[in-house]
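Trainee: One structure is given below, represented as structure tokens, and several questions about it will come after.
The values are calculated or read from the model by the stated rules, or taken from the named source; none is laboratory data. What you see is a predicted model, and the numbers here were worked out from it, not measured in a lab. Positions of Cβ are generated from backbone atoms using ideal geometry, with glycine treated the same way; all protein chains shown enter the neighbour counts. In case anyone asks, the SASA skips ligands and DNA or RNA and just uses the protein heavy atoms, side chains included. Shrake-Rupley method; radii C 1.70, N 1.55, O 1.52, S 1.80 Å.
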Amino acid sequence: MASTTESFFAPSNPPNSHTDNPNPYSLTSMTSAQHYWSIAHDLKSASPPLEPHNYGIDQHDMGCVSVQHAQKMEACRHVLRKIGEDHPFESLYMIDAVQRLGIDNYFQEEIGAILHGHYVKYVAHDGDCGHELQEAALRFRLLRQQGYYVPADIFNNFKGKEGKFNEELAEDINGLMALYEASQLNIEGEDILDEAGNFSEQLLNARMRHLDESQVRVVGNTLRHPYHKSLARFMAKNFFGNFQQKNGWPNDLELLAKMDFNMVQSMHQKEIVQISKWWADLGLSKELKFARNQPLKWYICSVVCLTDPDMSDERVELTKPISLVYIIDDIFDVYGTIEELTLFTEAVNKWDFAALEQLPEYMKICFKALYDITNEISNKIHQKHGWNPVDYLRKAWASLCNAFLVEAKWFASGHSPKSEEYLENAVVSSGVHVVLVHTFFLLGQRVTKETEDLVDNIPGIISSPATILRLWDDLGSAMDENQEGRDGSYIDYYVKEHQGCSIEEAREKVVSLIAKAWKELNKECLSPNPFPAAFTKASLNIARMVPLLYNYDDNHCLPSFQEHLKSVLYESVSL
């Protein structure tokens, strides 16, 4: 049998495919070192051969690089503080560069102080802090990214008497790119930002015919990957060499970013070996022959969620529940009967082995793994932070299985839910809820009065990225070769619900819902926000990750994702 949707990161390869046709994300029963190089080999695709010494920095050199990294970081910190004091506008460009290079985690104090100063001046001058489009748009974006609410009506300054954006802005390529980037931070009701986005996108596309090759690359990258909706770590290499001036702080920042890229890459490689050993020791791929065997793919989600280099242990731990989402998803999608799935769901809700007596052995094995891993993670969080979240994690798993069961019953009975009913359930069955609940506690957070609906009610900071993920999948960009077209989707149910509606109209509806979900997520990230910045960033990063994970080609492959994965994990950069 099969349920109507796939879970987090889905669709993916059919169960058992790893035994017949090795998946590039699979780890088999080799030694840890063999795991590492086998994966690197599989990810080479059609690229020239990658020699082992290109994948990182050896231990002898790492110490030297670490010292140089620390020295360069302090030098850049000093420059950022100085520019923040003496050159307010230039400080915005430096902050933008720091963020695009993926090294902003080292300068949070300085960035916070500079942007607070800009916000104070912004409020004092009623938003009138300069009349250059690039500066105004960049300041607006950076302040919103920092959580400050600044009104979008400042962009009325760039409109003519008829209420339309001035056409002479067509010559200001940098200003248009900044305006397009700023428009990505819109929230519901901000028509001027919707207009700004359409206006800047149209003019930039028109202007590309008149630009040189280098300019076309920069503009095209901006349109395809605006900063707010992209993964900085995955896109950092694209920014290397983009500085118009190569002396002073741009050169120092780029060198720091390259050293950091190589150091973090080396750390990720060590984490991959840890995950490989854990997965092999767990033995689920042997005990459950149908189980997907893709720990590297699952690990990437934790890399996306927890980007701070200091969160190595947390990334390793977060990979474990992600793997279980996949395993349990396969049980509900393909292997269990309704009677078995109902009993399994009851066992998870009760957190009780006794409820498993009538179930097949593979379900007992899966439940034991879920039980043990949840308790182990809870104990580690308790030891590190003094708070045991086991009851909340159990609730999250119960919610996921309940949602899976609803979908399984829909499919088994042939029931077609209303599109909104489907989407409400799919927000949970996506698995995003389970992943972010674990993330919340791994970050050392406790449930407070302000965050108590994290598990039971699923606040917007979780439901928005889950909605984006589910709807993007349902657009059909990722064809699920396992389900052979049997999956339901929002588009299917919307067409059935609205007589006379075409597939194209339903797709347009989905596109509008994704845009709405992004607006809701943007609003959730503004202050006051009860969640820590690291958690908010994790939520944003899941939404940012979706395009990479769902842009399948005709061969059911993810060429863009594989290329980014290879680049971030295995191809170091020259200093």
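Trainee: In terms of Cα to Cα distance under 19 Å, which aspartates and glutamates are near enough to K449, apart from those fewer than 8 places away along the same chain?
Mentor: Filter leaves D391, E524.
Trainee: Please give the charge dipole size of the stretch 60-254, origin at the Cα centre, charges +1 on K and R Cβ atoms and -1 on D and E Cβ atoms. Round to the nearest 20 debye.
Mentor: Value, rounded to 20: 580 debye.
Trainee: Could you name the lysines whose alpha carbon sits less than 23 Å from that of K286, not counting residues in the same chain fewer than 8 places away?
Mentor: K277, K297, K320, K364, K368
Trainee: May I ask for the net charge around P151, where only other residues with Cβ less than 11 Å from the Cβ of P151 are counted and Lys, Arg are +1 while Asp, Glu are -1?
Mentor: On the way: positive: R144; negative: D126, D153, E190.
With Lys, Arg at +1 and Asp, Glu at -1, the net is -2.
Trainee: If you roll a 1.4 angstrom probe over the protein chains with everything in place, what fraction of the accessible area of the stretch 60-254 belongs to carbon and sulfur, to the nearest %?
Mentor: Values: 4550 of 9430 Å².
Accessible surface attributable to carbon and sulfur in the stretch 60-254 totals 48 percent.
Trainee: Carbon and sulfur atoms: what percent of the 1.4 Å accessible area of the stretch 267-424 do they account for?
Mentor: On the way: 3040 of 6050 Å².
Here carbon and sulfur together make up 50 percent of the probe-accessible area.
Trainee: Roughly how compact is the stretch 132-277, stated as its Cα Rg over 2.2 N^0.38 Å to two decimals? Please list the in-between numbers first.
Mentor: Numbers: Rg = 18.2 Å, N = 146, 2.2 N^0.38 = 14.6 Å.
My calculation over the Cα atoms of the stretch 132-277 gives 1.24.
Trainee: Right, something else. Between the DSSP loop rule and a limit of at most 13 other Cβ atoms within 10 Å, which GluC sites (Glu not before Pro) in the stretch 398-455 are left? Walk me through the intermediate numbers first.
Mentor: On the way: sites: E407, E420, E421, E424, E450, E452; in loops: E450, E452.
Loop-located and lightly packed - E450, E452.
Trainee: What lysines does K121 reach when the alpha-carbon gap must be under 25 Å and sequence neighbours fewer than 8 apart in one chain are set aside?
Mentor: K82, K159, K523
Trainee: A further question on this structure: How far apart, in nanometres, would the label points at R446 and N349 be if each is projected 7 angstrom from Cα along the Cα-to-Cβ direction?
Mentor: Those two pseudo-labels are separated by 3.1 nm.
Trainee: Additional query: Quick check: residue separation of V67 and W278 times 0.36 nm, minus the Cα distance between them. What number comes out in nm? Write down the numbers at each step before the final one.
Mentor: Working: separation 211, 0.36 × 211 = 75.96 nm, distance 3.16 nm.
So the extension gain works out to 72.8 nm.
Trainee: Full-extension gain between V334 and D372, please, as 0.36 nm times their residue separation minus the C-alpha to C-alpha distance. Can you show the working numbers first?
Mentor: Details: separation 38, 0.36 × 38 = 13.68 nm, distance 2.41 nm.
Extra length from V334 to D372 when fully extended: 11.3 nm.
Trainee: Of the trypsin sites (Lys or Arg not before Pro) in the stretch 158-247, which ones lie in a loop per DSSP and count no more than 16 other C-beta atoms within 10 Å? Let's see the in-between values first.
Mentor: Working: sites: K159, K161, K164, R207, R209, R217, R224, K229, R233, K237, K246; in loops: K161, K164, K246.
Of the trypsin sites (Lys or Arg not before Pro), the ones in loops of the stretch 158-247 whose Cβ has at most 16 other Cβ atoms within 10 Å are K161, K164, K246.
Trainee: Further question: What is the sum of charges, Lys and Arg at +1 and Asp and Glu at -1, for the other residues whose Cβ falls under 13 Å from the Cβ of F89?
Mentor: The answer is -4.
Trainee: Please work out the average accessible area per residue across the stretch 246-366, using the 1.4 Å probe convention, and give it in Å².
Mentor: Heavy-atom SASA per residue in the stretch 246-366 reads 33 Å².
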